[in-house]
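J.: Sharing a structure with you now.
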Amino acid sequence: MQDDVRISVCLAAYNGAAYIEEQLRSILPELGDSDEVIVVDDCSSDGTGTVVRELADPRIRLLHNEQNLGQVKTFERALGEATGDFLFLSDQDDIWLPGRVDRMLKALEEDLVVVSNCRHFGAPPGRFHQIRLRAADSRRHAANVLGIVVGYRLHWGCAMAMRAEFLNQALPFPGYMRESHDQWLAMAGNLAGSIRYLEEDTVLHRLHSDNVTPDKVRGLPAILRARMAFLANLMILLGRTRLRRS
């Protein structure tokens, strides 16, 4: 493994054989020869690992979980394995738009985290897919955190990148977390006072029946559980922020 990696793409894979080759073929032209794509296969049963290996690109590091850990822990492992200065999250079934890396790296010259918007395709968008970020909100950190807790400020992990030093505050994820690691990262970036929102689309986000993010409003019990989890996340991140500043 080279020691001059600038960009690490962190991809969590699970039964993604149908789309992961197209995704990787959209990512690799965006990278330099010494960059890396870390694919962590979460015990797939459909040949996902075989598809990745057959691409035979030396920039791809394929890792396997010994047991199924779920999306959050798999992304956490991918981030922990990254060796680059700039880390990009990636789903297994989307398509990166040309120029995505350059636009996001420019934003990361001044901020720890950058999040763009997505263009959704593959199925009719749901209510959540119509929520878009505005560049004007990049410095409204308190309002953004409130929006995450309440549910009106949505951040897509597939449209997110960060500087490596940000992981000192963002990791580890809480042990109870089973979803919404992207909202956790966005909350951490806002509490650090260093996040940039790009209004442009940098990724085509594929909608299909196996998406993790729901395409319609959840029932009241699920909504309340999510809000309580976000409040718990806030308390943990506030504690980390105070420790870091002290």
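J.: For the structure I just gave you, tell me whether V150 is more than 15 Å from the chain's Cα centre (by Cα), surrounded by 14 or more Cβ atoms within 10 Å (Cβ to Cβ) and touching a residue at least 12 places away in the same chain (Cβ under 8 Å).
T.: No: the conditions fail for V150.
J.: For L133, are the conditions met, namely being touching a Leu at 6+ places or on another chain (Cβ under 9 Å), surrounded by 21 or more Cβ atoms within 10 Å (Cβ to Cβ) and not aromatic (F, W, Y)?
T.: Details: touching a Leu at 6+ places or on another chain (Cβ under 9 Å): yes; surrounded by 21 or more Cβ atoms within 10 Å (Cβ to Cβ): yes; not aromatic (F, W, Y): yes.
Spelling it out, L133 is indeed touching a Leu at 6+ places or on another chain (Cβ under 9 Å), surrounded by 21 or more Cβ atoms within 10 Å (Cβ to Cβ) and not aromatic (F, W, Y).
J.: Please enumerate the residues belonging to the range 52-62 that are of a type in the set (A, V, I, L, M, F, W, C) and within 22 Å of the chain's Cα centre (by Cα).
T.: Listed by number, the residues that qualify are V52, I60, L62.
Residue-wise test of (1) surrounded by 19 or more Cβ atoms within 10 Å (Cβ to Cβ); (2) touching a Cys at 6+ places or on another chain (Cβ under 8 Å); (3) touching a residue at least 24 places away in the same chain (Cβ under 8 Å).
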residue	(1), (2), (3)
W96	yes, no, yes
R103	no, no, yes
L112	yes, no, yes
S138	yes, no, yes
H141	no, no, yes
N144	yes, no, yes
W156	yes, yes, yes
E165	no, no, yes
L171	no, no, yes
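J.: May I pose another question? Would you check if D35 is out of contact with any helix residue (DSSP H, G or I) (no Cβ under 8 Å at 6 or more places or on another chain), closer than 25 Å to N168 by Cα, touching a residue at least 40 places away in the same chain (Cβ under 8 Å) and not basic (K, R)? Don't jump to the end; show me each part of the working.
T.: Values: out of contact with any helix residue (DSSP H, G or I) (no Cβ under 8 Å at 6 or more places or on another chain): yes; closer than 25 Å to N168 by Cα: yes; touching a residue at least 40 places away in the same chain (Cβ under 8 Å): yes; not basic (K, R): yes.
Yes: the conditions hold for D35.
J.: While we're on this one: Consider R127 carefully, then state whether it is closer than 29 Å to L224 by Cα and more than 18 Å from the chain's Cα centre (by Cα).
T.: Details: closer than 29 Å to L224 by Cα: yes; more than 18 Å from the chain's Cα centre (by Cα): yes.
Taking the combined requirement at face value, the residue satisfies it.
J.: Does the range 9-16 include one or more residues that are touching a residue at least 12 places away in the same chain (Cβ under 8 Å) and over 16 Å from the mean Cα position of the chain (by Cα)? Spell out the reasoning first.
T.: Keep residues of the range 9-16 that are touching a residue at least 12 places away in the same chain (Cβ under 8 Å), which gives 9-16.
Add one more test, that the residue is over 16 Å from the mean Cα position of the chain (by Cα), and what stays is 15-16.
Within the range 9-16 (the criterion being touching a residue at least 12 places away in the same chain (Cβ under 8 Å) and over 16 Å from the mean Cα position of the chain (by Cα)), the answer is yes, since at least one residue qualifies.
J.: In addition: Which residue is farthest from C158 (Cα to Cα), if the candidates are limited to the range 107-116 and must be in contact with a strand residue (DSSP E or B) (Cβ under 9 Å, 6 or more places away or on another chain) and among the charged types (D, E, K, R)?
T.: So the residue we want is E110.
J.: Among the residues of the range 173-197, what is the count of those that are of a type in the set (F, W, Y) and buried (at least 24 other Cβ atoms within 10 Å of the Cβ)?
T.: Number satisfying all stated conditions: 2.
J.: Any idea how many residues of the range 173-186 are within 19 Å of C118 (Cβ to Cβ) and of a type outside the set (S, T, N, Q)?
T.: Counting residues in the range 173-186 that are within 19 Å of C118 (Cβ to Cβ) and of a type outside the set (S, T, N, Q) gives 6.
J.: Going through the range 86-123 one residue at a time, which ones are farther than 23 Å from T48 by Cβ and aromatic (F, W, Y)?
T.: F86
Only the coordinates and a few stated rules stand behind these numbers; no lab work does. Everything numeric here is computed off the predicted structure, so don't read it as measured data. Reconstructed Cβ throughout: ideal geometry from the backbone, glycine too, with neighbour counts over all protein chains shown.
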